[in-house]
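Everything below concerns the one structure shown next.
FYI, it's all coordinate maths here, none of it is from the lab. As the structure is a prediction and not an experimental result, all values here were calculated from the model. FYI the Cβ positions are ideal-geometry reconstructions off the backbone, even for glycines, and counts take in every protein chain you see.
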Amino acid sequence: MNVSPVLERIFELSGENFVWIRDGVELETIVGLRNKDRITEKQYIAVYPHLDIQRGDLLKSLETGIEYWVNLFDYEICDGTKFQGQAFHVSAEEREVICQQMEEEAAQANGPNLEDNLNYLRALTRIKNPEAGQEFEILFAVLAKILGQPAVDWGILRDFAPLLEANPWLEQAVSEVIMQWMKK
């Protein structure tokens, strides 16, 4: 580990110990120093630059018991080398909001799931053909099975050709669902 003697001395004089936690698992106890960026005035904990701290990690002060949720990990560069790591942190409340936003973004990026697509087909069937029989539900069950498999056999919907031909709106909707699913 190539660490500046200046940083080592600062940590010796003013540093405090933090438990570094990732996904609920204590990784190790590290030395850090609470600090504030001069330009943005955002709070961070200065750490040794070789540490692989990541967004979502938790640094818990052994002195105060305060938990610092890492939102961004960056480096301060001095003379072309990494002088210190900077674990920018947020409060537990801010972390909850960020986690919720990340979950929503992930859900939107992944698009509708298989059950959402099948519910769409069921709703469309109720609108377009309110007196639809069991044959529609059998088709939806087969689709659920097909789309849940890693590979699909050619002509697997052959038995449903008459139903799909008699209901072109259903054939189009099934095609759209299959295409969406295959693009994931």
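At an R0 of 25 angstrom, the distance between the Cβ atoms of Ile98 and Lys36 translates into a FRET efficiency of 0.80. For segment 5-109, the relative contact order comes to 21 percent (Cα pairs under 8 Å, sequence separation of at least 6). Which log10 I(q)/I(0) values, to two decimals, does the chain give at q = 0.08, 0.18, 0.20 Å⁻¹ under the Debye formula with one point per Cα? These q points yield log10 I(q)/I(0) values of -0.51, -1.12, -1.30. Sequence gap of 8 or more, or different chains, plus Cα separation below 21 Å: how many lysine pairs satisfy both in the chain? Within the chain, the lysine pair count is 6.
Sorting the segments 71-78, 123-130 by their mean number of nearby beta carbons within 10 angstrom, highest to lowest, gives 71-78, 123-130.
Near the amide H of Lys42, within less than 5 Å, lie the amide hydrogens of Asp37, all on another chain or at least 5 residues away, with H placed in the peptide plane.
For the chain, the relative contact order is 13 percent, taking Cα pairs closer than 8 Å that sit 6 or more residues apart in sequence and dividing their mean separation by the residue count.
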